[in-house]
Each structure stands twice: as C-alpha cells, then as structure tokens.
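See structure below.
Values quoted throughout were computed directly from the atomic coordinates according to the rules given, and no laboratory measurement underlies them. Since this is a predicted model, take the numbers as computed values, not measurements. Counting neighbours? That spans all protein chains shown, and the Cβs are built from the backbone with ideal geometry, glycine included.
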Amino acid sequence: MHRRASSPAVAAVAVMVLAGCGGSTPKEAAGSPSRASPAAGAVPSAAAPAAPALKPGEVRIAGQVDKPYTVTLTSLRGLPQQSVEVEYAGAKGQQKHTYQGVLLHDVLKDAQPRFDTSKKNGQLRAVVAATGGGDYRAVFAWAELDPGFAKSQILLAVSEDGKPFDDAVGPRLVVPQDTRGGRYVSELNQLWVGTVDTTVDGAAGAFGAGS
Ligand SMILES: Nc1nc2c(c(=O)[nH]1)N[C@H]1C(S)=C(S)[C@@H](COP(=O)(O)O)O[C@H]1N2
Ligand SMILES: [Mo]
C-alpha cells in the first residue's frame, strides 16, 4: 500500500490552478502526520475559467494548452508503458524502486501546449508545474522531460515494485535523473504547462534582438 493518505484538499486544489504556492514546507516533511495544506490564501486567477472539480485520483492537465484534459490511473494503464529502475535519497534514506508508467512527455503533448513558435526553440521557454497531495509542487523545464532534448524518462507511474497505486490516490511522478526524491510528486493531481515570459529590471529580454 502506498503510505500517503489521499488528500482531502484535492477538490480545493482544483481551483488553485494559477494561485501561488502559499505556505513553506520543511525540506523533509516525511515525518509529518498530514500533508494537507490550508486552502486559505489561495486566490483563483481572475482570468482562469471555472476549474472542473477533480475527483480523487484524477490528474488535470491544463495551463497554456489547446486541449486541457484529465487522466486517471485507468486511462494511463491504457497507454504505452515504460519501466524504470530508480534510486533516490529521501527522508527515510536511500530508496530503490521499479516503477511502471507512461512518459510524462506523451501525456503532456496530447494536451497540445501552446509554445511560442515565433521564437527559436519556443518549447525551451516552457515549464511544467506538477502538483500533488497537500499542494506539494515541483517545477520542470520542458527540455528535461522531452526525450528529443534530454536523456529523460520522467514517468507518471501507475505502479511501484509491481504494486498498482490505488485509484483514488493517483499516479506518482518518477524522475530517474534526480538523486533526491523531492520531485517524485505523489498523489499527482495537476500538471500545469506554460511558457515563461521574463521581465528583468522592468524590461523584456529583447536586448540584441534582430542583431
Ligand atoms: N505529494 C507529495 N509528494 C512528495 C512529497 C510530499 O510531501 N508530498 N515529498 C517528496 C519528498 S521531499 C521525497 S524525498 C519523496 C519521498 O518519497 P518516498 O516516500 O518514496 O521515500 O517524496 C516526494 N513526494
Ligand atoms: Mo525529500
């Protein structure tokens, strides 16, 4: 059995798509009895359309994409599977597991991210924010999860060491290139894809453009 209780905050998290990640969490929170986070302070973006309420175990893929959609462990099991053996350090020491699941890249590209095609390698400006139980969140650069760019096999895992995750708990992100477990987001419920537009010292990064 997976050791994390399913979060009661899943539905609340669904309306928090663009809200900032509020409270700070200790680096190693594995010993804490509950990872549920308060929804207070979360301000839904005025621009965001009403978010559909997520059922336990559902993962919403949205953000700057043309086809937002929802996956579950059941739908993920119907897709091509990969298997990875990984090792990572966590609060409980060194972990070694075999995970089976679907490439994160496969799942995200089906949502048709809106990359900035007016820019060279527009997809390299994109990021993915993965949110799990307790509003735990980690960010990825698109290039780290795109097998066309990096030696990457980031998965939405459906099972750990041959044991399927509970349907109501949902998939776990598996990040073979990471040596620490921090981005192995459990009880995954949101994947937000977006392009980063930077403003530094009040200016867009256009210096040298056209030269
Ligand atoms: N939803 C969620 N996922 C999480 C965390 C968390 O607090 N909440 N902690 C992370 C951290 S810091 C680590 S080290 C690993 C621990 O994974 P393990 O339980 O397999 O050792 O889970 C990661 N995934
Ligand atoms: Mo950790």
Exercise. Could you give the nm distance between label points at Asn121 and Asp201, where each point is 7 Å from its Cα heading toward the beta carbon?
Worked result: 2.4
For this session: Report, ordered by chain and residue number, the lysines lying within cross-link reach of Lys55, taken as a straight Cα distance under 29 Å and ignoring same-chain residues fewer than 8 apart.
Result: Lys27, Lys67, Lys109, Lys163
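Which whole-number percent of Cα pairs in the range 145-206 have a distance greater than 20 Å? Don't skip to the end; give the middle numbers.
Details: 878 of 1891 pairs.
Every Cα pair in the range 145-206 considered, those over 20 Å come to 46 percent.
In terms of the ratio Rg/(2.2 N^0.38 Å) built on C-alpha atoms, what value belongs to the range 40-183?
Working: Rg = 15.7 Å, N = 144, 2.2 N^0.38 = 14.5 Å.
For the range 40-183, the normalised Cα radius of gyration is 1.08.
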Problem set entry | Three principal axis lengths of the range 61-132 [C-alpha, angstrom, descending] | 45, 27, 20
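Using a Förster distance of 35 angstrom, determine the FRET efficiency expected from the C-beta separation of Glu85 and Lys55, and round it to 0.05. Provide the component values of the computation, followed by the final result.
Values: r = 32 Å, r/R0 = 0.90.
Result of the calculation: an efficiency of 0.65.
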